[in-house]
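Asker: Got a structure here, written out as structure tokens. Questions coming.
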Protein chains: 2
Amino acid sequence: MTSGSARTETVGDLGEFPLISLITRNLTLPPAVSVGPGDDCAAFLINGSALTTTDMLIEGIHFRKSWSSPAEVGHKAVAVNLADVEAMGGTPVAMVISLGMPADLPLTWVKEFMTGVREEAERGQVALVGGDMTAARDISISVTVIGETGGRTPILRSGARPGDVVAVCGRLGWAAAGLAALLRGFRSPRAAVDSQRAPQVPYGAGRQAADAGASAMIDVSDGLLADLGHIAAASGVTIDLDPARFTIADPVQAVAAALNADPLKFVLTGGEDHAMAATFAPGTVPDGWDVVGQVHEPDDENGVGVLVDGAHWEGDQGWTHFRS
Amino acid sequence: MTSGSARTETVGDLGEFPLISLITRNLTLPPAVSVGPGDDCAAFLINGSALTTTDMLIEGIHFRKSWSSPAEVGHKAVAVNLADVEAMGGTPVAMVISLGMPADLPLTWVKEFMTGVREEAERGQVALVGGDMTAARDISISVTVIGETGGRTPILRSGARPGDVVAVCGRLGWAAAGLAALLRGFRSPRAAVDSQRAPQVPYGAGRQAADAGASAMIDVSDGLLADLGHIAAASGVTIDLDPARFTIADPVQAVAAALNADPLKFVLTGGEDHAMAATFAPGTVPDGWDVVGQVHEPDDENGVGVLVDGAHWEGDQGWTHFRS
């Protein structure tokens with residue numbers, strides 16, 4: 001029971017079913033979706049094979065309410081999943097979202113979060129078709145996206161071949177530079193800080209790469225070296241990156257200069273930007289993609305893995321959870 | 001770093017990637033799944049329309065480590081989703097699971113949880129194809145199941161028609177009786193307590209109902225009155241239940257007698273058993289289903305909703321989150 005009008009309305013004040021109504025209000029469903037939210041399951045058509053991916057974001061681990069607006073968290077929760085569908089060369093179709101929330105969470109947080117979710121879903125062209133809602137101590141968000149391959153063959157991590165080139169599309173190092181700035185108490189450069197809060201996925205680049213015949217692809221979530229390491233391991237190859245081929249963006253340069261850091265470190269090891277990295281036969285790299293390296297047979301000296309200018313990169317490869 | 005052999009090995013000791021390897025080890029994938037865990041997305045074939053549903057379980061809200069074994073939590077996390085696919089008359093195909101865990105969680109908890117997940121997936125015939133793992137303060141579990149309609153029309157909540165009968169298949173009141181027993185500090189009757197910890201979904205009953213031409217169906221997660229209320233609302237009908245038609249199971253009788261409670265209350269309002277409730281044209285109810293009520297045109301007096309013996313049931317209808 002609320003005691004007066006001055007108190008902020010919370011999730012607990014509204015209750016579960018009105019909250020679900022609020023979240024699903026005025027949803028537009030595309031023709032492929034025959035059953036949207038409100039039944040035991042959603043139902044929709046899939047063209048080709050189904051693709052699926054899921055990500056969980058936890059308050060205090062993946063975001064902080066004091067750093068990210070609710071809308072930014074919503075954008076991020078959707079974008080990280082759409083990037084995975086993109087990285088298979090697929091097309092997103094449907095999305096479900098589960099939300100765990102403390103009862104004292106202001107209702108405005110949920111409303112603004114859902115605005116971010118819906119805006120990103122619109123950008124990536126995916127339909128919100130269902131979800132779940134529960135009480136929780138920390139805000140806990142789980143998004144699953146189901147996509148389709150259509151007429152394309154899914155692009156796996158295991159298809160890179162010696163002689164291929166490595167190319168990237170999208171932002172690299174922006175989120176890491178933004179995080180470094182935030183950790184020092186800065187709120188600029190704005191573009192880098194915004195990238196940390198909500199990635200700018202290069203929607204369409206994955207399908208473009210698939211159409212161009214990409215041999216392997218991944219989205220850069222943990223850092224370029226770490227994620228290309230997954231391609232190298234799955235394909236049994238060595239990838240050699242040429243640092244001179246990277247265009248280092250102005251906001252990344254600015255943060256590196258302010259913190260007296262190497263901007264290449266942000267580019268090579270920074271995660272959370274969700275750029276696409278792929279391998280192609282030489283001469284088949286599509287417009288908008290930058291060639292940054294080569295795929296080789298693993299030699300006796302270096303084995304399977306990722307090199308930078310022919311040598312092992314010193315320092316962190318990227319981010320893992322539960323690091324000892 | 002561990003200091004010696006006496007210390008329990010934790011999630012944090014092992015680290016993210018070895019933990020993923022442990023969880024995905026020796027997975028058997030059916031022919032419909034072309035890409036399993038380990039790439040950006042899983043890929044699999046869908047026959048007919050895709051169906052999807054998701055549920056989130058949070059430690060301290062949906063389960064307590066002191067009450068439920070890790071395997072029971074695993075069973076429950078999978079079963080609640082499979083029941084939703086069942087309630088559409090669908091067939092499960094693929095499942096993704098996200099796990100948020102504190103770094104000090106013993107590794108044995110995760111191993112036993114995954115044993116429960118895999119056993120329930122085997123029972124319900126669904127393939128684990130991917131997931132996510134992250135640090136979290138409380139154990140946070142999100143499962144999404146993708147199913148297929150095959151040659152069947154999905155059975156919605158909105159199809160009940162005046163003149164239909166209402167029938168149920170599966171356990172009713174067992175989990176609620178088990179919870180009541182646990183709350184009083186009892187650990188028996190074992191069958192009821194076990195039902196509270198992990199539901200026994202009547203796998204196959206939903207497809208059986210769809211084949212028999214069920215007009216509407218739902219799985220009983222919040223309580224029979226509450227869930228039939230969803231069918232009544234979606235279909236614009238009144239459902240009248242006949243209390244004399246319910247067979248009250250021995251464990252439910254035993255708990256009711258011990259606590260001096262009305263066993264019918266457990267049957268009508270107890271959730272978490274994930275029985276199936278459906279409506280059928282008279283004479284089409286399949287074997288193994290019990291007729292417990294009738295569907296009527298809503299009259300001026302009672303309107304759309306659920307009655308028990310022609311009257312409104314006094315008291316709680318079931319469970320909602322964030323109740324004020």
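Asker: Quick one: how many residues across region B:219-238 are within 15 Å of B:Asp290 (Cα to Cα) and among the β-branched types (Val, Ile, Thr)?
Answerer: Selection size over region B:219-238: 1.
Asker: Shifting gears a bit: What are the pairs, 6+ residues apart or on separate chains, where a residue within region B:130-150 that is more than 7 Å from chain A (Cβ to nearest Cβ) has its Cβ under 9 Å from a residue that is among the basic types (Lys, Arg) and surrounded by fewer than 24 Cβ atoms within 10 Å (Cβ to Cβ)?
Answerer: Note: pairs meeting the criteria are B:Ile139/B:Lys65; B:Gly150/B:Arg207.
Asker: Conditions first: (1) crowded, with 21+ Cβ neighbours inside 10 Å; (2) at pLDDT 95 or above. B:Pro189 passes all but one, so which condition is the exception?
Answerer: Only one criterion is unmet by B:Pro189, namely (2).
Asker: Could you grab me the full set of residues in region B:222-247 that are open to solvent by 40 Å² or more (accessible area, probe 1.4 Å) and among the small types (Gly, Ala, Ser)?
Answerer: B:Ala233, B:Ala234, B:Ala244
Asker: Of all residues in region B:9-32 being over 19 Å from B:Val93 (Cα atoms), open to solvent by 80 Å² or more (accessible area, probe 1.4 Å) and not basic (Lys, Arg), which is modelled with the highest pLDDT?
Answerer: B:Glu9
Asker: Please pick out the residue among B:Val304, B:Val252 that is of a type in the set (Val, Ile, Thr) and open to solvent by less than 50 Å² (accessible area, probe 1.4 Å). It would help to see each step written out before you state the result.
Answerer: Numbers: B:Val304 fails: open to solvent by less than 50 Å² (accessible area, probe 1.4 Å).
B:Val252 is the lone residue from the list that is of a type in the set (Val, Ile, Thr) and open to solvent by less than 50 Å² (accessible area, probe 1.4 Å).
Asker: What's the total number of residues in region A:162-186 that are surrounded by fewer than 17 Cβ atoms within 10 Å (Cβ to Cβ) and not in a helix (DSSP H, G or I)?
Answerer: 5
Asker: What do you reckon, is A:Gly38 in contact with a Ser or Thr (Cβ under 9 Å, 6 or more places away or on another chain), open to solvent by 20 Å² or more (accessible area, probe 1.4 Å), modelled with pLDDT of 95 or more and closer than 25 Å to B:Pro92 by Cα? Give the steps one after another, and end with the answer.
Answerer: Details: in contact with a Ser or Thr (Cβ under 9 Å, 6 or more places away or on another chain): yes; open to solvent by 20 Å² or more (accessible area, probe 1.4 Å): yes; modelled with pLDDT of 95 or more: no; closer than 25 Å to B:Pro92 by Cα: yes.
In short, no.
Every residue, every condition in (1) within 14 Å of chain B (Cβ to nearest Cβ); (2) in contact (Cβ under 8 Å) with a residue 24 or more places away in the chain, yes or no:
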site: A:Asp40; (1), (2): yes, no
site: A:Asn47; (1), (2): yes, yes
site: A:Leu57; (1), (2): yes, yes
site: A:Ala71; (1), (2): no, yes
site: A:Leu82; (1), (2): yes, yes
site: A:Glu86; (1), (2): yes, yes
site: A:Ala94; (1), (2): yes, yes
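Asker: Still on this structure: Count, please, the residues in region B:58-68 that happen to be assigned to a strand (DSSP E or B) and not aliphatic (A, V, I, L, M).
Answerer: Step one: list which residues in region B:58-68 are assigned to a strand (DSSP E or B), which gives B:58-59, B:63.
Filter again for not aliphatic (A, V, I, L, M), leaving B:59, B:63.
So the answer is 2.
Asker: Moving on. Name, by its number, the condition in (1) open to solvent by 40 Å² or more (accessible area, probe 1.4 Å); (2) under 17 Å from the mean Cα position of the chain (by Cα); (3) of a type in the set (Val, Ile, Thr) that does not hold for B:Thr54.
Answerer: Condition not satisfied by B:Thr54: (1).
Asker: Quick check on region A:32-50. Is at least one of its residues within 23 Å of the chain's Cα centre (by Cα), outside any loop (DSSP other than H, G, I, E, B) and in the same structural domain as A:Glu120 (by TED's automatic domain parsing)?
Answerer: Taking region A:32-50 first, the residues within 23 Å of the chain's Cα centre (by Cα) are A:46, A:49-50.
Then keep just the ones that are outside any loop (DSSP other than H, G, I, E, B); that gives A:50.
Adding the requirement that they be in the same structural domain as A:Glu120 (by TED's automatic domain parsing) leaves A:50.
Yes, region A:32-50 contains at least one residue that is within 23 Å of the chain's Cα centre (by Cα), outside any loop (DSSP other than H, G, I, E, B) and in the same structural domain as A:Glu120 (by TED's automatic domain parsing).
Asker: Oh, and also: Could you run through region B:193-221 and say how many residues are open to solvent by 30 Å² or more (accessible area, probe 1.4 Å) and closer than 15 Å to B:Arg171 by Cβ?
Answerer: Looking only at that region, the number is 4.
Asker: Would you check if there is a residue in region B:59-67 being crowded, with 24+ Cβ neighbours inside 10 Å, within 7 Å of chain A (Cβ to nearest Cβ) and either on the phi > 0 side of the Ramachandran plot or over 14 Å from the mean Cα position of the chain (by Cα) (or both)?
Answerer: First pass over region B:59-67, keeping only residues crowded, with 24+ Cβ neighbours inside 10 Å: none.
Looking through region B:59-67, none of the residues is crowded, with 24+ Cβ neighbours inside 10 Å, within 7 Å of chain A (Cβ to nearest Cβ) and either on the phi > 0 side of the Ramachandran plot or over 14 Å from the mean Cα position of the chain (by Cα) (or both).
Asker: Which numbered condition in (1) assigned to a helix (DSSP H, G or I); (2) away from chain B (no Cβ under 11 Å) is the only one that A:Gly12 fails?
Answerer: Among (1) assigned to a helix (DSSP H, G or I); (2) away from chain B (no Cβ under 11 Å), A:Gly12 violates only (2).
The values are calculated or read from the model by the stated rules, or taken from the named source; none is laboratory data. On a predicted model such as this, the values are computed, not experimentally measured, just so you know. Cβ: placed from backbone, ideal geometry, glycine included. Neighbour counts: every protein chain shown. For accessibility, only protein heavy atoms count, side chains too; no ligands or nucleic acids. Shrake-Rupley method; radii C 1.70, N 1.55, O 1.52, S 1.80 Å.
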